[in-house]
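Below: one structure, written as structure tokens.
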């Protein structure tokens, strides 16, 4: 079990990060993304043309899986990817990706450039420490948390001149992969 959030820099090699930027450039961002169904949640952007079954998503998920298994200390199964983008004025609310134990969320910052003054941090409630943790939105950096921890992505502020983009990768213990596949199939994600 993961007892604290883990920040990982240089999630993937630069050539793979650059390839992801190419995918983003050739896919259409659209307004209307919600990662969970809450009436008060504002829409964010999503890449409708970049489904999770694209080879680049699996390639990145494989890199992430190998890196995070060092902290989880057992094998993991990839179960979904969720692409998200926010511009100034758009913020997600606190939510949990899954309530099931033995599931993990890795948020990867996928925008090309970022200035610390632009905001857009990832915020999670560390249940072990009973404290909020804040992680800057640095490109090709990610944060690993248990999927049942409350978390959200803050909006970029008025100084930001680009979109804050992330991919949330979900993993689980292989013993519950079949069950989690059914859970993902039943839940309506607004992507």
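Is it the case, given these coordinates, that residue 63 is under 20 Å from residue 143 (Cβ atoms), more than 17 Å from the chain's Cα centre (by Cα) and at pLDDT 85 or above? Explain how you work it out, then say what you get.
Numbers: under 20 Å from residue 143 (Cβ atoms): yes; more than 17 Å from the chain's Cα centre (by Cα): no; at pLDDT 85 or above: yes.
So residue 63 does not fit the description; no.
Tell me the residue from 82, 111 that is at negative phi, surrounded by 14 or more Cβ atoms within 10 Å (Cβ to Cβ) and part of a loop (DSSP other than H, G, I, E, B), please. Lay out the reasoning, then the answer.
Values: 82 fails: part of a loop (DSSP other than H, G, I, E, B).
After applying the criteria, what remains is 111.
Does residue 125 satisfy being buried (at least 19 other Cβ atoms within 10 Å of the Cβ) and modelled with pLDDT of 95 or more?
Values: buried (at least 19 other Cβ atoms within 10 Å of the Cβ): no; modelled with pLDDT of 95 or more: yes.
The answer is no for residue 125.
When you look at residue 56, is it surrounded by 14 or more Cβ atoms within 10 Å (Cβ to Cβ), outside any loop (DSSP other than H, G, I, E, B) and at pLDDT below 95, yes or no? Show your work before the answer.
Numbers: surrounded by 14 or more Cβ atoms within 10 Å (Cβ to Cβ): yes; outside any loop (DSSP other than H, G, I, E, B): yes; at pLDDT below 95: yes.
Judged against the criteria, residue 56 is a match.
For the condition outside any strand (DSSP E or B) and either under 11 Å from the mean Cα position of the chain (by Cα) or at pLDDT 95 or above (or both), what is the one hit in 140, 161?
Working: 161 fails: either under 11 Å from the mean Cα position of the chain (by Cα) or at pLDDT 95 or above (or both).
140 is the lone residue from the list that is outside any strand (DSSP E or B) and either under 11 Å from the mean Cα position of the chain (by Cα) or at pLDDT 95 or above (or both).
Got a number for residues in the stretch 1-44 being part of a loop (DSSP other than H, G, I, E, B) and either at pLDDT below 85 or surrounded by 11 or more Cβ atoms within 10 Å (Cβ to Cβ) (or both)?
21
The values are calculated or read from the model by the stated rules, or taken from the named source; none is laboratory data. Computed from a predicted model, the values in this text were never measured in an experiment. Every residue, glycine among them, receives a Cβ derived from its backbone with ideal geometry; neighbour counts consider all protein chains shown.
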